[in-house]
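Report on the following structure.
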Amino acid sequence: MLARAQYHSLQRLATLPDDVAVWPTHGAGSFCSAPPRAERTSTIGREKATNALLRATDEDAFVAELLDSLGSYPSYFLRLAEINRYGPILDREPALRPLDAAHVSRLLAADAIAIDVRPVPEYAAGHIPGALSIPFRPAFASWLGWLAPPDSPLIIVHGTHQRPAEIAWQAAKIGYDNLAGEIDGGMAAWAASGHPMIRTKLDRPNEIASRRVLDVRQDSEFAAGHLPGATHIELGDLPDRPAELPDEPTVVVCAHGERAAGGASLLERAGHTDVTVLVGGPDDWARDTGRSLESGT
């Protein structure tokens with residue numbers, strides 16, 4: 001129904017003069033943005049000349065093409081509509097409450113989940129067993145809403161250079177008010193208290209020959225080019241599918257490493273014991289090894 005309403009909206013917009021500026025509501029890379037182009041603005045004339053959706057022959061053709069162009073989307077989208085309708089409950093400024101390591105340990109022993117937002121190298125060097133790696137970056141809120149349950153207490157692990165208030169705001173804007181707090185003193189305090197830590201190895205392209213490759217990128221990215229023989233499960237689907245993968249040496253791959261670290265953390269939570277993360281992505285692997293990528297699904 002919404003796709004058909006959008007068709008009629010576009011037909012009205014297309015009657016505007018060609019020089020009218022178009023300012024998209026979402027930038028490239030957003031899960032709300034169908035086209036991957038990086039331009040921030042356009043014009044009516046340019047869109048009429050280049051946008052395939054505006055060249056659809058009729059309403060049914062438009063709907064079919066629009067829906068086919070959409071990939072997977074974060075699961076929190078299904079919950080956020082109701083939150084947007086009534087507005088989030090913000091009776092205080094979003095913040096992370098400091099928790100000592102002993103308190104954090106007790107929460108984790110119940111049903112809390114540690115969310116490690118540090119850059120991948122810091123996470124890989126040592127993290128709480130079972131922590132989810134969701135590096136803090138522009139896409140942080142999307143991946144938090146996709147990978148972390150909205151009804152379990154979440155404990156944030158961040159680096160000294162990261163701002164706790166901004167992390168809390170990014171969670172609050174998608175309706176995540178289940179942040180229990182942060183580890184007071186970070187991973188240094190956790191380690192000093194004698195609590196366990198584990199490491200995740202970062203692999204270079206020439207180190208993965210004997211490992212199964214798990215590619216966690218979107219379908220379109222995988223089809224465009226992937227390592228030969230790679231298994232493909234989108235990161236957003238992985239929380240429900242780790243049992244499909246046997247516990248054997250596995251390297252997780254994405255485009256740069258952030259999503260791969262998230263995938264590796266999900267496998268570790270599911271009990272996999274020999275998981276590594278590829279430094280870089282398939283293009284880096286092809287360049288460093290001199291081998292060709294496969295295309296298609």
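Histogrammed with a bin width of 10 Å, the alpha carbon distances of segment 153-297 distribute as 11, 34, 32, 20, 4 percent, first bin at zero. Counting charges near Gly225 (Lys, Arg +1; Asp, Glu -1) among other residues having Cβ under 9 Å from its Cβ returns a value of -3. Rounded to the nearest 10 degrees, the inclination of helix 2-13 to the longest alpha-carbon principal axis of the chain is 50 degrees. Pairing the Cα long axis of helix 77-86 with the longest principal axis of the chain, what angle in degrees results, from 0 to 90 and rounded to the nearest 10? Roughly 80 degrees, rounded to the nearest 10. Residues of segment 1-15 with backbone nitrogen within less than 18 Å of a virtual label 7 Å along the Cα-to-Cβ line of Ala49, please, listed as ranges. Zone members listed by number: 14-15. Taking the Cα atoms of the chain, the ratio Rg/Rh between the radius of gyration and the Kirkwood radius comes to 1.02.
Among His158, His127, His256, the largest mean-square fluctuation in a Gaussian network model of the chain (Cα springs under 10 Å) belongs to His256.
With a cut-off of at most 11 other beta carbons within 10 Å, and DSSP calling the residue loop, which trypsin sites (Lys or Arg not before Pro) in segment 155-223 qualify? Please list them. Qualifying residues, ordered by number: Arg199. Comparing Pro228, Pro24, Pro282 in a Gaussian network model of the chain (Cα springs below 10 Å), the most mobile by mean-square fluctuation is Pro24. According to the Kirkwood relation over distinct C-alpha pairs, the hydrodynamic radius of segment 149-193 is 11.3 Å.
Available extension along the chain between Ala286 and Ala61 is 77.2 nm, counting 0.36 nm per residue and deducting the alpha carbon span. For segment 247-297, the set of trypsin sites (Lys or Arg not before Pro) satisfying both a DSSP loop assignment and a count of at most 13 other C-beta atoms within 10 Å is given as Arg291.
Would segment 194-238 count as rounded, prolate or oblate if I go by the C-alpha gyration tensor, calling it rounded below 1.5 in a/c and otherwise prolate when a/b exceeds b/c, oblate otherwise? It comes out oblate by the Cα gyration axes.
Of the accessible area of the chain, computed with a 1.4 Å probe over protein heavy atoms only, carbon and sulfur atoms account for 53 percent. Considering only Leu245, Leu235, Leu96, give the residue with the highest GNM mean-square fluctuation for the chain, with springs between Cα atoms whenever their separation is below 10 Å. Maximum among the listed residues: Leu245. A quarter of the convex hull surface defined by the alpha-carbon atoms of segment 93-204 gives 6.8 nm² as the mean projection. Taken along the Cα-to-beta-carbon direction at a fixed 7 Å, the label points for Ala243 and Ala224 span 3.4 nm. What does the accessible area per residue of the chain come to in Å², with a 1.4 Å probe and no ligands, DNA or RNA counted? Averaged over the residues of the chain, the accessible area is 53 Å².
The values are calculated or read from the model by the stated rules, or taken from the named source; none is laboratory data. Here the structure is a predicted model, which is why all the values come from computation and not from measurement. Every residue, glycine as well, gets a Cβ built from its backbone with ideal geometry; the counts of neighbours run over all protein chains shown. Areas reflect the complete protein model, heavy atoms only, side chains present, ligands, DNA and RNA absent. Shrake-Rupley method; radii C 1.70, N 1.55, O 1.52, S 1.80 Å.
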